[in-house]
Amino acid sequence: MITLSVNGRDHQIDADPATPLLYVLRDDLHLNAAKFGCGLGQCGSCMVLADGLPVVSCVTPVVALEGRRIRTVEGLGGADDPGPVQRAFIDEQAAQCGYCIPGFIISAQALLERTPSPSDAEIRTALKPNLCRCGTHIRILRAVRRAADAMRTSVAANPGGEGGQ
Amino acid sequence: MRIPRIVGGAVALAVLGAAGFTAIAWRSGIEPIDPPASASFDPVQVAEGARLAAIGNCMQCHTAPDGKPFAGGYPLKTPFGTIFGTNITPDPETGIGSWSEAAFQRAMAEGVDRAGSHLYPGFPYDHFTKVTERDNRALYAFLMTREPVAADAPPNQLPWPLTFRPLLAGWKLLFLETGEFRPDPSKPEDWNRGAYLVEGLSHCGACHTPRNALGAEEKDKSFGGGESDGWHAPALNQASTAPVPWTKDSLYSYLRTGVSADHAVASGPMAPVVRNLSRVPDTDVQAIATYVADRMGAREAPADPPTPAAEAPRQPEGRAATIYRGACATCHDANGPLQFASPVGLDRATSLAQPDPRNAIQVILHGVETPDAKAAPLMPGFANALTNAQVADLAAYLRTRFTGQPVWDDLEAEVGRARTGDSSE
Amino acid sequence: MKHSKGSPPELSRRAFLGGGALLVGFTLMPGRLLAQAPREAKGGGDVGLPKALGADPALESWIRIDADGAITVFTGKAELGQGIRTALIQVAAEELSVTPADITLVTADTGRTPNESFTAGSQSMQESGTAILHAAAQVRAILLGLAAERLGLPAERLTIANAAVTAPGGGSLGFGELVADGGLREATARPGTALKPVADYTVIGQGVRRIDIPAKVTGGPAYVQDLRLPGMVHARVVRPPSPSARLRGVDTGEVERMPGVVGVHRDGDYLAVVAEREWQAITASRALASAAVWDERPSLPDENDIFDTLLGLRSEDTVIHDRRLAGTGAAGGGRRLSAEFRRGYQIHGSIGPSCAVGLFEDGGMTVWSHAQGMFPLRAALVEMLGLPEDRVRCIHVEGSGCYGHNGADDAGADAALLARAFPGRPVRVQWMREDEHAWEPFGPAMVSRASGSVGRDGGIADLTYEVWSNAHSTRPGGAGALMPAWHLAQPFEPDPPKPIPQPAGGGDRNAIPLYAIPNARIVHHFLPEMPLRVSALRGLGAYMNVFSLESFMDELAREAGTDPVEFRLRHLDDPRARDVVTLAAERFGWSAARLPSGHGRGFGFARYKNLAAYCAVAVEVMVARETGATRLLRAVAAIDSGQAVNPDGIRNQTEGGIIQSASWTLMERARFDRTRVTSLDWSGYPILRFDQVPESVDVHVIDRPGSPFLGTGEAAQGPTAGAIANAVADATGARLRELPLTSDRVKAAIGV
Ligand code: FES
Ligand code: FES
């Protein structure tokens, strides 16, 4: 049994401890946002946050994540109450097939939690691990900039409040 | 650890400098010229210069990350501080546009700039001095026909008194042996060609030879293994610990393609070297491989590869072994998904067999990047996924499982240093 | 007068006749044009209806209104990430005068929706959109009629809004009430129903937000990969290591004893393992892969002379365009220019590898799949499984963007084979990354040759263009189109490939330039033999042909000493073509002014298939002389898709098309040795990453209210490639004619 903290809740996982987190999220916890894209750590579709840092869950075994705070896109907000990054992606209509988008949201969230006012170059570097085949990149860039603005404004309006979750 | 060495070095240099200063510190300037027109250079010579510049890996240290080629600004980290590669485009103000060919020849041969100042040996003139006048002429032709870019390199970040350049005269007195390469008539031609390139323009020893407290290569340990940018530059002599001994052919394939299936994928500071070599004639890469293979004492035929490591022991699986199964086995196990694409087997990876754990740690933390988006292995870094203790455990596990050698010391601290980039010592 | 638009009628008629079954899915004219110019629709449909509606004229096949007022719209097309759900809902909402939120849309499902064959060729709006528009107009008329009867008022005095029909006095009847006793039942589409006047549109033409995005950005179930059926098990197929490999033997004992393994399935060279959990299936499939012993032989061509190999294959040659204007022969022409263009194999590279779920229960097979055609997939599965058609149902569930015929159909076949082998349990088959990279059908390698001259008047005097290509569609079809069926003990053979006839064309798609050229001869050399498996990749031959022709246009413009945009306009009579060219040039700031050194600008234009959207693209690139690395800095496009249903959707598709085409054009090439495909992952086959993404991509949509919907999704691929090649030539002075324009090739072309 492995205890995993996902989106603020502890889960007892009964699986081979070598199982990459991705399959535990999808099969045991029935979460959909983290996607299988390559299983090789090359595309970013499966990204989640571990203690605020982006991690490719397809090659990260659950045993390594005990005691870490894992957040997935589900933990950032739902369709009815999207978080600031999710809202920015909706507002910019930043998706075509959308398959890659949760991974981008994670990269963006991690970036903006560390760097509230990123430069374009910083955004591009932060998003480099993620692939999008539909070519939604320009909208994704816009969405990240919009999210940065929104998160700064909300922090300014509500000092001490935490951006994101 | 670093600080005392730097201070010690600085003091020693200061003493030497005082002596050297009176002797040879002062060098005359060479008259500036108007930048010669590109058309005044022979295209054949320019093309030759391009190949030589690739062999010299010039672009690497003279181009800032994301900067214009040859316009300077690359931060070269040394134990003494950071030196920034200078602008060597033919811009007359900020580059070498006002340098005559004689000034260029002198810089290569003696490490002195046009105005007469001593250059830091981060510019490896201890090697470039071996380059022939003819090749320097071609390099000059190549550089003077680049696009001029006005760009000042940032000032070097060095502690006093190292900012006082005349001190370098003392350093040169001790460590610089000037003069063109002399072939060894008893050796075949391609060996001599390789030796000329490796010892001269390619300046392989600048990374692969250990340096003394004053930052000079230890001549008696030539090719004994050195360092570059937080990476260990493995030994290229008989001290090599590669599980499958290198041969001329495997060196050639490594230098030509960046991959030797029995050894390594060119990563870290070696990746740009290989990228540059892709523009070099095959015969030169062959020659380099010939010479290095000889230095390594390579046998003619490849040795039998080591028998693949035994299955992981059947004891209760340790945490590192579990991490290996979930994170690494996907690509590195013999039956991993890319089994048909022959990645480097860990049982023969040079990084695991080295006495120094840094390369293994670097790769685990930061992965292997595809250089220039060309096809090459692309491995994700695990810096965010694993804690320092986990990386250390994993490195230890890989070392034991795949090489059978004793585990490296002080691994967790070493991981911490690699993570913060503070790994030059 | 329109020059060289499409091909001469006699040729296209021949093409019609020769096309056979392949015509399915590649209709030739926009739907609304058909409505205006009736012709007989096959399949017993009515005269004068849009083709899809004519083929299935029962209105309830398209639109159902329940007694509680719920509105369901059915389309035989599928959402492939192009935003089609939203656009089709907009169309229905517009004609029914309801809000988009009132409508539930059901997409391709052989059990529920009309048969609209494939979702391909950028035709969903032309076909399904037009059908739904007409069906909704008829439903609207019926609703008004029913209300008129009940209220005792003439229909003209009633207004329809907010899902209700309202009388002038204020009395109002909801749609649900109106149809409660079967008002729509048995109603059949009839030609001639009036459509809502375009001027009254309130939903069509609006950038309505995509209905699918909120779920996709918050982790709602959205893809076939997200299906979780009770009792579902996970399968992995162990594919042969190379196309010609045969399974000599495999000891499955150890794998069968692995934790969670439900069973190993072997049928000839077909090998798979099914397990309770996904990771168990993956680890078991690796063990199975290393237990399998294969016989391989070198059956692939030499990658290094693939183009000579192609040129050496037997070809079926068709002159698809031959025009000679008396008195303006090549004699007037100046120097003759000739050029050969090449394109290597490229892959679809969907970010989510193919996936499907199958369930075989009570003698019936259900397959959930993200393939482009549920009805064609069903036909292929029926043949492969030997089941009656009514025992097989295929349901479309979204996958990640496919951009053509990728592994989706094959994954559907895997799911069917394994569901049959493990009846009663839903079987989810997920391809691994390397499966998709190695086994999806590639976009074909192609060669083209152009030659031409400029006349004394500064215009093109003559042009010859020839293109050599394999088939661009090997879709199902029969079971032989399903790759897994090749490996069975009783294998199915693929049907002989056929060319797609003009005017849409396959390898020769857009081989006939839209430009007015007095003398032009265009030849398609169709190569039936496929050295590697290939099929439809976004744009089909248009990508290569537009790249070649637009590159050559610049060469001719240079010869004429004329600005490339000016030169194009000089040869364009179609005002809509002129409009996109002019607009793109203007918004780009096209000029002859010098750019910084290493920068170049380039232009490309085509009307997709010569009958879908018009698209012009202007780009600026930067080429690093020392490395040859080319970066697309900015792109400006103008697109005319006819009546723009959702302008933001059109922009999104076009931006994506430009970026994807830039990736193809600058870096993509599938690799292989004599035995195996070697580009198995994102390092062996790199695609554009964020550091190479342009600074900006601006798409300007020209709306044409009241004119037919024109397919958009593939329109940018060719013009972008042409524009990039032209910009590289402008930046470096070197003309590169082989795709992709990798840094090595650029560097080699520009020298030191
Ligand atoms: S699925 Fe994890 S990086 Fe691609
Ligand atoms: S939106 Fe489809 S892969 Fe990014």
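Before moving on, here are some points about what is shown:
- Pairs with Cβ under 6 Å, 6+ apart, first in the stretch C:273-299 and at the interface with chain B (Cβ under 9 Å from one of its Cβ atoms), second hydroxyl-bearing (S, T, Y): C:W279/A:T19; C:W279/A:Y23
- Screening C:R393, C:R343, C:R314 for residues that are crowded, with 24+ Cβ neighbours inside 10 Å, at pLDDT 95 or above, away from ligand 2 (no atom under 16 Å from the Cβ) and among the basic types (K, R) leaves exactly one candidate, C:R343.
- Residue count for the stretch A:8-47, restricted to those that are of a type in the set (F, W, Y) and within 16 Å of ligand 2 (Cβ to nearest atom): 1.
- Matching residues, the stretch A:86-113, being over 12 Å from A:A150 (Cβ atoms), within 11 Å of another protein chain (Cβ to nearest Cβ), surrounded by 24 or more Cβ atoms within 10 Å (Cβ to Cβ) and away from ligand 1 (no atom under 16 Å from the Cβ): A:A94, A:A95, A:Q96
- Listed by first and then second residue, the pairs with beta-carbon distance under 7 Å, at least 6 apart or on different chains, first residue in the stretch C:366-380 and part of a helix (DSSP H, G or I), second of a type in the set (K, R) and open to solvent by 10 Å² or more (accessible area, probe 1.4 Å), are C:P376/C:R475.
- Residues (away from ligand 1 (no atom under 16 Å from the Cβ) and of a type in the set (D, E, K, R)) located in the stretch A:114-142: A:R114, A:D120, A:E122, A:R124, A:R139, A:R142
- Sole residue being among the charged types (D, E, K, R) and open to solvent by less than 10 Å² (accessible area, probe 1.4 Å), chosen from C:E149, C:E94: C:E94
- Selection count, the stretch C:351-365, where residues are more than 27 Å from A:T136 (Cα to Cα) and either touching a His at 6+ places or on another chain (Cβ under 8 Å) or surrounded by 22 or more Cβ atoms within 10 Å (Cβ to Cβ) (or both): 5
- C:G458 away from ligand 2 (no atom under 16 Å from the Cβ), open to solvent by 10 Å² or more (accessible area, probe 1.4 Å), under 30 Å from C:H321 (Cα atoms) and within 27 Å of the chain's Cα centre (by Cα): no
- Complete set of residues in the stretch A:28-61 that are in contact with a Lys or Arg (Cβ under 6 Å, 6 or more places away or on another chain) and more than 11 Å from ligand 1 (Cβ to nearest atom): A:L49, A:A50, A:D51
- Being touching a helix residue (DSSP H, G or I) at 6+ places or on another chain (Cβ under 6 Å), within 19 Å of B:R51 (Cα to Cα) and not aliphatic (A, V, I, L, M) is true of B:G200.
- Those residues of the stretch B:309-342 which are assigned to a loop (DSSP other than H, G, I, E, B), within 12 Å of another protein chain (Cβ to nearest Cβ) and modelled with pLDDT under 65, in sequence order: B:A312, B:P337, B:S342
- Filter pass, A:E122 being farther than 19 Å from C:T218 by Cβ, at pLDDT 95 or above and more than 9 Å from every other protein chain (Cβ to nearest Cβ): yes
- Odd one out for B:G205, checked against (1) open to solvent by less than 30 Å² (accessible area, probe 1.4 Å); (2) in contact with a strand residue (DSSP E or B) (Cβ under 8 Å, 6 or more places away or on another chain); (3) not assigned by TED's automatic domain parsing to the domain that holds B:A239: (3)
- Among the strands (runs of 3 or more DSSP E) confined to the stretch A:1-85, the ones with at least 2 residues that are open to solvent by 20 Å² or more (accessible area, probe 1.4 Å) and charged (D, E, K, R) are located at A:9-13.
- Residue selected from the stretch C:382-424 under the condition within 16 Å of C:S117 (Cβ to Cβ) and within 14 Å of chain A (Cβ to nearest Cβ), by the criterion farthest from ligand 1 (Cβ to nearest atom): C:H396
- Under the condition of being within 8 Å of chain C (Cβ to nearest Cβ) and crowded, with 19+ Cβ neighbours inside 10 Å, the residues counted in the stretch B:45-67 number 4.
- Test: residue in the stretch B:287-300 that is modelled with pLDDT under 90, over 30 Å from B:D220 (Cβ atoms) and out of contact with any Leu (no Cβ under 9 Å at 6 or more places or on another chain): no
- Against the list (1) part of a strand (DSSP E or B); (2) open to solvent by less than 20 Å² (accessible area, probe 1.4 Å); (3) away from chain A (no Cβ under 14 Å), the condition C:H234 fails is (3).
- Filter pass, B:A103 being more than 12 Å from chain C (Cβ to nearest Cβ), open to solvent by less than 10 Å² (accessible area, probe 1.4 Å) and over 17 Å from the mean Cα position of the chain (by Cα): yes
- Residue that is farthest from ligand 2 (Cβ to nearest atom), among those in the stretch A:115-130 that are closer than 19 Å to B:P380 by Cβ and surrounded by fewer than 24 Cβ atoms within 10 Å (Cβ to Cβ): A:T125
- The selection criterion, being modelled with pLDDT of 95 or more, of a type in the set (A, V, I, L, M, F, W, C), in contact with a strand residue (DSSP E or B) (Cβ under 7 Å, 6 or more places away or on another chain) and not in a strand (DSSP E or B), holds for C:V255.
- Note on the stretch C:461-506: residues that are within 19 Å of C:H348 (Cβ to Cβ) and either open to solvent by 10 Å² or more (accessible area, probe 1.4 Å) or assigned to a loop (DSSP other than H, G, I, E, B) (or both) amount to 14.
- C:M622, sole failed condition from (1) away from chain A (no Cβ under 14 Å); (2) surrounded by fewer than 23 Cβ atoms within 10 Å (Cβ to Cβ); (3) outside any strand (DSSP E or B): (3)
- Pick from the stretch A:131-147, criterion more than 8 Å from ligand 2 (Cβ to nearest atom) and charged (D, E, K, R), ranking: least open to solvent (accessible area, probe 1.4 Å): A:R139
- Filtered residue count, the stretch C:237-248, keeping only those that are among the polar types (S, T, N, Q) and either within 14 Å of chain A (Cβ to nearest Cβ) or open to solvent by 10 Å² or more (accessible area, probe 1.4 Å) (or both): 1
The values are calculated or read from the model by the stated rules, or taken from the named source; none is laboratory data. Note that the structure is a prediction, hence the values are computed from the model and not measured. FYI the Cβ positions are ideal-geometry reconstructions off the backbone, even for glycines, and counts take in every protein chain you see. Side chains included, ligands, DNA and RNA excluded: accessible areas come from the protein's heavy atoms. Shrake-Rupley method; radii C 1.70, N 1.55, O 1.52, S 1.80 Å.
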